[in-house]
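Notes to accompany the following structure.
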Amino acid sequence: MSDLGDWFRSIPLITRYWFAGSIAVPLVGKLGLVSPVYLFLWPDAFINRFQIWRPITATFFFPVGPGTGFLYLVNLYFLYQYSSRLETGAFDGRPADYMFMLLFNWICIVITGLAMDMQLLMIPLIMSVLYVWAQLNRDMIVSFWFGTRFKACYLPWVILGFNYIIGGSVINELIGNLVGHLYFFLMFKYPMDLGGRNFLSTPQFLYRWLPNRRGGVSGFGVPPASMRRAAEDQQGGGRHNWGQGFRLA
């Protein structure tokens, strides 16, 4: 138990709470402590009955059962792996900026979910984070199941097909990828590669709540230190090397 506790405490702060909530809320629904009916995102209940908790519970809840348990565990693994890597990599020392990324992606997914009657938001949010990681490490060669190897930029689309095969919905993964692409474009691609303005800016109250550590760089449109070093190594322009990646476990 002490080893398990040490492992849990070693998870980066924001990822730790997200990971814990993604276990606790499905467990509450599975045990019947709260009816799962109150955990889904239903537009009518949210808008007309003012059940304002639904976008939050729908982000953490997943109906775990014999037909969905494996899909749930796989996506829980993706959450742990890629959220941890982003939080300790590109966003190292900048928890407020990482929280803002999650909030931006979450708000976009909630709006899309209400418009498209998507009742569960866990997978789209996980996929949006995975997409951002894949773009920041796009030229990294990753290994997937059965020894397949490819560039990290293709990973979100490979996982989209993989989740569909094991029982997921292409729509959930596709929405997550599109939201992740929107964030990546507005934060990095448009201001850094295309010379555009910065449309995203972390609110100051997040910096007061989650102050920077170890001299982390704050503000959107400003690349993390690893990305700045990669950009400085480029001579004569061209495509950026978005930083060092990680191998899949």
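The values are calculated or read from the model by the stated rules, or taken from the named source; none is laboratory data. Because the structure is predicted, anything quoted here is derived from the model rather than measured. Glycine gets a Cβ as well: all are built from the backbone with ideal geometry, and neighbour counts include every protein chain shown. The accessibility values were calculated without ligands, DNA or RNA, using every heavy atom of the protein model including side chains. Shrake-Rupley method; radii C 1.70, N 1.55, O 1.52, S 1.80 Å.
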Inset, instruction - Could you estimate the translational diffusion coefficient of the stretch 47-122 from the Stokes-Einstein equation, with Rh from the Kirkwood formula over C-alpha pairs, at 4 °C and 1.567 mPa s, in whole µm²/s? - result: 92 µm²/s
Inset, instruction - Using θ = phi - 60° and the Karplus relation 6.51 cos²θ - 1.76 cosθ + 1.60, list the HN-Hα couplings for the stretch 155-161 in order, rounded to whole Hz, with x at every Gly or Pro. - result: 4, x, 7, 5, 5, 4, x
Inset, instruction - Order the following by accessible area, largest value first: Y80, Y131, Y38, Y17. Probe radius 1.4 Å; ligands, DNA and RNA are ignored. - result: Y17, Y38, Y80, Y131
Inset, instruction - Could you list which residues have their amide H under 5 Å from that of T202, counting only those 5 or more apart in sequence or on another chain, with H placed in the peptide plane? - result: G219, F220
Legend entry - Point-to-point label distance, Y77-R49, nm (Cα→Cβ direction, 7 Å offset): 3.7 nm
Legend entry - Fraction of accessible area attributable to carbon and sulfur, the stretch 89-193 (%, probe 1.4 Å): 68 percent
Inset, instruction - Post the alpha-carbon centroid distance, the stretch 52-101 to the stretch 104-140, in whole angstrom. - result: 10 Å
Legend entry - Per residue solvent-accessible surface (Å²) - the stretch 1-137, probe of 1.4 Å: 43 Å²
Inset, instruction - Quote the convex hull volume per residue of the stretch 11-99, based on C-alpha atoms, as a whole number of Å³. - result: 108 Å³
Inset, instruction - State, as an integer percentage, the relative contact order of the stretch 8-99 based on alpha-carbon contacts under 8 Å between residues 6 or more apart. - result: 35 percent
Inset, instruction - Determine the share of the stretch 1-57's accessible area contributed by carbon and sulfur atoms, expressed in whole percent, with a 1.4 angstrom probe. - result: 71 percent
Inset, instruction - Taking all pairs of distinct Cα atoms, average 1/r, flip it, and tell me the Kirkwood hydrodynamic radius of the stretch 100-191 in Å to one decimal place. - result: 13.5 Å
